[in-house]
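Structure first, then comments.
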Amino acid sequence: MSESATAAAAKRPDDGLPDPAGDQPATRRAGGRRLAFARLRDLALIPAIIVMGIVGQLVNPVFLQPDNLINVLQTMSEIALLVLAQTLVLIVKKMDLSLESTVGLAPGVAAWLTVPAGAAHGVGLLPGAWSIPVTLTVGLLIGVVNALFIIRFGLNGFIVTLGMLIVLRGILTGISGGQTFFQLPQSMLYLGTTQWLGMPASVWICLILFAIGIVVLGFTSFGRSLYAIGGNVDAAKAAGIRTDRVLWIVIVTASVLAATSGLLLSGRLASVASAQGNGYIFTVFAAAVIGGISLNGGKGTVFGAFTGILLLFLIQNVLTLGGVPAQWIGALNGAIILVALALSRITGGKAQD
Amino acid sequence: MSTAAPVAQATAITKRFGSTVALRDARITIAHGQTHALVGRNGAGKSTLVSILTGLHAPDEGTVTFNGEPAPRLADRDGWRQRVACVYQKSTIIPELTVAENLFLNRHDRGRGGLISWRTVRAKAHELLRTWSVDVDVRTPAGELDVEQRQFLEIARALSFGARFIILDEPTAQLDGAAINRLFARIRDLQRQGVTFLFISHHLEEIYEICDTVTVFRDARHILTAPVAELPRAELVAAMTGEGATEGARARRRPADSTSPDVLVVEDATLDGSYENVSLRVRGGEIVGLAGAASSGRIDVAETIVGLRAADTGTVRIAGARPRPGSVPAALKAGVGFVPQDRHHQGYVPEMSIADNGTLTIPERLGPPGFIDGRRRDTYARAMIENLAIKTPGPEMPVSGLSGGNQQKVVMARALASDPKVLVLINPTAGVDVRSKEFLLGKVEEIAESGTGVLIASDELDDLRMCDRVLVMFQGRVVAEKARGWHDHELVAAMEGVDLDV
């Protein structure tokens, strides 16, 4: 039907505008359908999460107990912050692999400086109260170095942060002598151990930071500029967005979030192992992609990323409750990631990018 | 109106990039309410002039004025945007974001608490599109729009900044006939509302249809500016090429030998959703056109022949053999050469050299199995460069560094590298300057002379004119066959689904 209308338009190019409405109903209907679909994509994992709830309850009645759920949230809170950080970076079409080393190094440096000499490899230069500022500052500095290489020198983010991953891990091994820091100062333990209103502080921090992420990325010009940069950086520049400045902020923020994550983790474990955070980055990428974040930039939401990591941890929890031997959890985790990706490919309708 | 200062004026502009002079003492004056054409072959300096007029580059010498006032500083992006906007060939729409957000990117409406009020943004976007009669749902992701809607969106966005001078850089390159007509209708409409256009196109017909004044650039210089009505086509072409070339001077090829065997036979091919019961034959030495609008299915038929798609039913035979459907290697092996629809997309690998690109289809000829002999490859490449007159310092030049016409020649060279029995060309001259176009089409005739069967799937009348016969597709069916010597209007009518014969 659209062809006849266009033919008519072709015959009378002079009498003003052809009626575009008569011309594109099909496109518009399709557009509307896809639109609804795009919104659904954001909620695509909700049904899966509900199914996991039911399955979990059938496997073990403990599953839906508040204590168990809070436990799940607490164990995932640290890695969830990394997912949040990686989400920001992926949306601007960059990558940051070094996040997992930052998780170890930032609190590691704080512990090194504050743990009294003699205990492990501490040097005890600073009083314990300095540990949190030191942790965040180290995160900030790592972010600045990353941004310097990636933005100022225009190097490939994947390779730069791969290098950083190795360097930072090495520094932590160096300062700790490959040992674990114990006897952390009180301030470092606080966030990992305190309860606020009946929930662990780390859960609150995680949820609050995700809420801020949702608001910033969905409802501020700054947040939208991340999508613009990831979608088409030239168009973003043409629209007057200071792309380099936004990228700087994103990369540095991601590292600071990783440092925060490290702080929560070492607080909960009351130690900083030299391998802290090792291998996290794979789970982080998997959760982000399952949650609908595109590796090609410009696509996905913070909420989606949150459902991604939540789903992964719920499944792990169900497996543990179901009595799956710990030795097999790793293999199952990998399989779950692949299945979840296949599912999101089906619900997303498009090839994974 | 005519006494008012020109909307935009550039005088005595010189711009150098390193040792190349992109513009030498060039000028252009665009009067209010005009639609002004800027033409020239690739490399004539058009793009440089556009980047200077839009404030992306500062000229080394010379001045730019808008409405008689000097242009804003380069850093004052808002100042430029209020005066001039350019709709580039390369879209500046962000596909992942909605239409509304694309319109108000980085200037969203804030509600309470400094947060974006999406409701206001959508309402304003809706209002804006309604003002300029663009019928698109503002909540659609921009990536879902077709090329035509995207262009309208970019024009509307430009107008919303307050600019009333809009540069259209080859807006029709990716549109089919009907969409071009709608674009022109809109241009005329906006022109009545006081919008001035600078229109850049390779299609001279379009310039005669839509423009008032034409400015010709050649070799970085201004050649002439004249009212379109007073400039015969031959003179315009001559001004562009710098030679006394006249239109249609190409020698007529003798018709194909009617006894030569069929090299391409398509029988009863159907692909659900794009074409139905398509049958066609091409003899050796024959040039057959496959005409139709962009959505008519002609491209799908051509892509089926080369193995990019597989038909649901029906057969494709190439020189008697029947290659496995849906397999490009099988089609190539059977003797197909192919120039794809969009050279940027499917035609070449931009960062690879001419030599590598040109010989992508024939690795087996470049050395012992599995190996590539660089010297042999370069020999092939040099032959191609000479054969197709590709303008380049040498075969090691990456294709991304060539002009559009020369890039298309590389794609053509690749198609010819395997000495095909059947050559399938989709829109072979899209986005190519006049001279390269003449050259490419001449080359096609030469190839046909040597006994190759050629199928040209295009809606460009110039491509189809040299065909021995033209099959016209409409809504997935072959609806007409025209022997050589058709009139433009009957072919266009058939492509649009209007049958004048009955």
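Points to keep in mind about this one:
- Near A:L43, no amide H atom lies under 5 Å from its own; only residues 5 or more places off or on other chains count, and H is placed 1.01 Å from N.
- Cβ neighbours within 10 Å from other chains - mean over A:233-240: 6
- Sorting A:T180, B:T304, B:T361 by the number of Cβ atoms found within 10 Å of their own Cβ, with the fewest placed first, yields A:T180, B:T361, B:T304.
- Computed from backbone phi, the HN-Hα couplings of the stretch B:224-232 come to 7, 10, 8, x, 4, 5, 9, 10, x Hz, rounded to whole numbers (Karplus: 6.51 cos²θ - 1.76 cosθ + 1.60, θ = phi - 60°; Gly and Pro given as x).
- Equivalent ellipsoid dimensions for the stretch A:200-254 as semi-axes, Å, which come from the Cα gyration tensor, largest first: 27, 11, 7
- Residues B:H32, B:H345 in ascending order of nearby Cβ atoms (within 10 Å, fewest first): B:H345, B:H32.
- Whether the stretch A:98-177 is rounded, prolate or oblate, judged on the alpha carbon gyration tensor where a/c under 1.5 counts as rounded: prolate
- Which of B:F217, A:F313, B:F161 has the fewest Cβ neighbours within 10 Å, and the rest in rising order: B:F161, A:F313, B:F217
- When peptides B:469-482, A:237-250 are ranked by their average number of other Cβ atoms within 10 Å per residue, the highest-first order is B:469-482, A:237-250.
- Hydrodynamic radius of the stretch B:339-383 by the Kirkwood approach over all distinct alpha-carbon pairs: 11.2 Å.
- Net +/- balance of residues flanking B:L271 in space, Cβ distance below 11 Å, scoring K and R +1, D and E -1: -4
- Near B:T14: Cβ cut-off under 11 Å, other residues only, Lys/Arg at +1 and Asp/Glu at -1. The net charge is +2.
- Cβ crowding within 10 Å averaged over residues, with A:53-66, B:418-431 ranked highest first: B:418-431, A:53-66
- Annotation: amide H of B:G337 within the under-5 Å range of B:K421, B:V422, B:L423, B:V424, sequence separation 5 or more or interchain, hydrogens built in the peptide plane.
- For the stretch B:95-144, projected area of the alpha-carbon convex hull averaged over all directions, nm²: 3.4 nm²
- Computed over the stretch B:262-495: relative contact order in percent, which uses C-alpha pairs under 8 Å that are six or more apart: 28 percent
- Of all DSSP bridge pairs formed entirely within the stretch B:87-233, close to 55 percent run antiparallel.
- Whole-Hz Karplus values for the stretch B:358-374 come out as x, 10, 4, 8, 10, x, 5, 8, 9, x, x, x, x, 10, 10, 8, x Hz, taken residue by residue from phi with 6.51 cos²θ - 1.76 cosθ + 1.60 and θ = phi - 60°; glycine and proline positions read x.
- Length-normalised contact order for chain B - Cα pairs under 8 Å, 6+ apart - percent: 14 percent
- Of the DSSP H helices in chain A, those whose Cα atoms cover at least 20 Å axially and whose Kyte score averages 0.0 or more: A:45-59, A:66-91, A:99-114, A:131-147, A:157-176, A:201-219, A:243-269, A:302-321, A:326-348
- Within-13-Å neighbourhood charge of B:R107 [Cβ basis; K, R +1; D, E -1]: +3
- All lysines inside 19 Å of B:K124 as judged from Cα atoms, apart from same-chain residues fewer than 8 positions distant: none
- 5 angstrom amide H check on B:A319, placed H, neighbours 5+ away: B:L264, B:V265
- Extents of the stretch B:262-495, taken as max minus min of Cα coordinates on every principal axis and listed largest first, are 49, 38, 30 Å.
- Candidates B:G273, B:N406, B:L290 compared by Cα position along the dipole of the stretch B:262-495: farthest toward the positive end lies B:N406, with charges placed on Cβ.
- Taking a ≥ b ≥ c as the square roots of the eigenvalues of the alpha-carbon gyration tensor, the stretch A:157-234 is classed oblate because a/c is 1.5 or more while a/b is no larger than b/c.
- Packing-based ranking, highest mean first, of B:445-451, A:90-96 given that Cβ atoms within 10 Å are counted: A:90-96, B:445-451
- Whole-Hz Karplus values for the stretch B:183-200 come out as 4, 5, 4, 5, 4, 4, 4, 5, 4, 4, 8, x, 8, 9, 10, 10, 10, 10 Hz, taken residue by residue from phi with 6.51 cos²θ - 1.76 cosθ + 1.60 and θ = phi - 60°; glycine and proline positions read x.
- Counting only Cα atoms, chain A measures 91, 54, 36 Å along its principal axes, largest extent leading.
- Shielding of peptide B:104-115 by partners, expressed as the average count of other chain Cβ atoms within 10 Å per residue Cβ, is 4.
- Shielding value for B:260-268 is 0, the average number of Cβ atoms from other chains within 10 Å of each residue's Cβ.
- Gyration tensor analysis over the Cα atoms of the protein assembly as shown returns equivalent ellipsoid semi-axes of 56, 33, 28 Å (largest first, whole Å).
- Exceeding the 28 Å Cα-Cα cut-off - candidates A:K93/B:K46; B:K90/B:K437; B:K443/B:K482: A:K93/B:K46
- Hypothetical label at B:A123: residues of the stretch B:154-172 whose amide nitrogen lies under 20 Å (7 Å Cα-Cβ projection): B:160
- Rg/Rh, computed from the Cα trace of chain B with Rh as the Kirkwood radius, has the value 0.99.
We did not get these values from a lab; they are worked out from the coordinates using the rules stated. As the structure is a computational prediction, the values presented were derived from the model and not from experiment. Heads up, the Cβs are rebuilt from the backbone with ideal geometry, glycines too, and the neighbour counts pull from every protein chain shown.
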